[in-house]
Amino acid sequence: MKYKYIYPFSENSDGLARFNKNETKKRVCINEGQIFRIQGYRIGTTNRRDLCFTVEPNNVYHFRYSWGGEPFNNYTPPLESFYLVNVNDVQYNPLGLDAFDKAFDTTYTDMWLAVVEVDAAGAITITPIENKPKVDEVIEEGGTGGGCIIERTDPVPSSHGGVEAGEVLQGKTPCEVLEQILYPYQYPAFTSFYIEGQATALEVGQSVAGGTRTFNWSTSNSSNVAPSSISISDMNVSSVLADGLDNDGTEALDIGADKVLTAPGAYTWRIEGDNTKGGSFHRDYSVRWYYRVYWGANVNDSLTEADVKALSNSQLKSGFAGAYNFTNSGSSDYYYIVYPDSWGDYNDWKDTDTGFGVDGTNAGTVDVTNDFGVTITYRMVRTAYQQTSNLNSQLS
């Protein structure tokens, strides 16, 4: 019996691609050392330059590979390359479909590998996608094989579609095995999990309201979720809030007292479930706390707490690196960037319009108490001289 491989697929034992992420650098990468089959060719991920891509908060992406560079809807991908495309791109997704819609499934020459979700705080969730069955057509040799029963008792050495490594096929007919390959077991997964109405990016000192909160979730391949197998846990205190739940997508639970962090960190809840083959799966939901960074113009060569809070811009950030733009008000002002002193010295302050360095100086520290009662010692970085024109800059 010979198999004709039509759709692309991963040679990993579970058929799923492997990825890694760096939330600080806002980057997702497909791991090296993997092999994919496309139209009979083996595509490797070793020593390539198209493995990593930058992501931005509040976006959802598809991680794909294009062999022929053929358009997907109205979107033309790069030729023979891995690529990341925003699900909100109207050329790629003109109908505004959900990121997990099967309309995005693997084609003959374009492979859908993962959904990459980035929340408002920059937390990255990567969900690998199981590709279409790789065997599309069976070419029989010596008749149809009717009446043949597989007699071998040794385990299958590697996975093929729905036939998994380690499985014993003794007693099955070729047709049964073929059906198992073509229609593999569809493992369930959590496609979303969150607390209703809860922001995921908070300023240090800000509270997650305790008491009864509503958890919502959704699953793929829900028919393969074992009955009454859902549990929800508080990971920070290793406590199970509820178990034996039905997979109905919602549950109101008492999470206890308010959750408050006075330094950057995260509070995490986890939902877990069992599939009908005895395996388990889970997804985490985290609320993260951040320090606030301030920047803007002021005529004084040093700032008070009130001056810092009065600067025209502020943002919750996990580090000082980033873009800082200043609009001149028509007067001579110093341009300030004020960030937590615990973050240390910056390396470079650059004018992004000219490429030249900005002449900056450390103007000392000041204690600032935020709106939630947390006092933080801030470092004041400013231009060495008063400025009379706009400045677009990058601090690193």
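The values are calculated or read from the model by the stated rules, or taken from the named source; none is laboratory data. What you are looking at is a predicted structure, and each value in this text was computed from that prediction instead of being measured. All Cβ positions, glycine included, derive from the backbone under ideal geometry; neighbour counts span all protein chains shown.
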Original post:
Is it true that GLU130 is surrounded by 19 or more Cβ atoms within 10 Å (Cβ to Cβ) and modelled with pLDDT under 95?
Top reply: yes
**OP:** Residues that are among the polar types (S, T, N, Q), modelled with pLDDT of 95 or more and within 37 Å of the chain's Cα centre (by Cα): find the strands (runs of 3 or more DSSP E) completely inside region 299-396 holding 1 or more of those.
**Re:** 313-317, 322-326, 360-369, 375-383, 391-395
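Per-residue answers, yes or no, for (1) loosely packed, with under 14 Cβ neighbours inside 10 Å; (2) in contact with a strand residue (DSSP E or B) (Cβ under 6 Å, 6 or more places away or on another chain):
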residue: ASN22; (1), (2): yes, no
residue: ARG27; (1), (2): no, yes
residue: ILE30; (1), (2): no, yes
residue: GLY33; (1), (2): yes, no
residue: ILE38; (1), (2): no, no
residue: GLY44; (1), (2): yes, yes
residue: ARG48; (1), (2): yes, no
residue: LEU51; (1), (2): no, yes
Original post:
Within region 108-118, is even one residue at pLDDT 95 or above, in the same structural domain as ARG64 (by TED's automatic domain parsing) and over 26 Å from GLN39 (Cβ atoms)?
Top reply: yes
Original post:
For residues in region 224-249 being in contact (Cβ under 8 Å) with a residue 40 or more places away in the chain and over 12 Å from TRP269 (Cβ atoms), which is surrounded by the most Cβ atoms within 10 Å (Cβ to Cβ)?
Top reply: ILE230
Original post:
For region 100-110, how many residues are touching a Ser or Thr at 6+ places or on another chain (Cβ under 6 Å) and not in a loop (DSSP other than H, G, I, E, B)?
Top reply: 1
Subject >> Selection from region 165-191 of residues that are without any contact (Cβ under 8 Å) to a residue 40 or more places away in the chain and either in the same structural domain as SER229 (by TED's automatic domain parsing) or part of a loop (DSSP other than H, G, I, E, B) (or both) >> reply: GLY166, GLU167, VAL168, LEU169, GLN170, GLY171, LYS172, THR173
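Table: residues versus (1) surrounded by 18 or more Cβ atoms within 10 Å (Cβ to Cβ); (2) over 21 Å from ALA120 (Cβ atoms); (3) not polar (S, T, N, Q).
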position: THR54; (1), (2), (3): no, no, no
position: ARG64; (1), (2), (3): yes, yes, yes
position: GLU70; (1), (2), (3): no, yes, yes
position: LEU79; (1), (2), (3): no, yes, yes
position: ASP98; (1), (2), (3): no, no, yes
position: ALA103; (1), (2), (3): no, yes, yes
Original post:
Residues in region 66-88: is at least one among the charged types (D, E, K, R), on the phi < 0 side of the Ramachandran plot and without any contact (Cβ under 8 Å) to a residue 40 or more places away in the chain?
Top reply: no
**OP:** Could you give me the residue pairs with C-beta distances under 7 Å whose first residue belongs to region 264-283 and is assigned to a strand (DSSP E or B), whose second residue is acidic (Asp, Glu) wherever it lies, and which are 6+ apart or on separate chains?
**Re:** THR268/ASP284; TRP269/ASP234; ARG270/ASP284; SER280/GLU272; SER280/ASP274; HIS282/GLU272
Original post:
Within region 146-161, can one find any residue that is farther than 29 Å from THR214 by Cβ, under 20 Å from the mean Cα position of the chain (by Cα), at pLDDT 85 or above and not assigned by TED's automatic domain parsing to the domain that holds ASN275?
Top reply: no
Original post:
Of the residues TRP349, TRP269, which single one is surrounded by 18 or more Cβ atoms within 10 Å (Cβ to Cβ) and either in contact with a helix residue (DSSP H, G or I) (Cβ under 6 Å, 6 or more places away or on another chain) or not assigned by TED's automatic domain parsing to the domain that holds THR383 (or both)?
Top reply: TRP269
Subject >> Verdict on TYR183 being within 25 Å of the chain's Cα centre (by Cα), closer than 25 Å to ASN275 by Cβ and hydroxyl-bearing (Ser, Thr, Tyr) >> reply: no
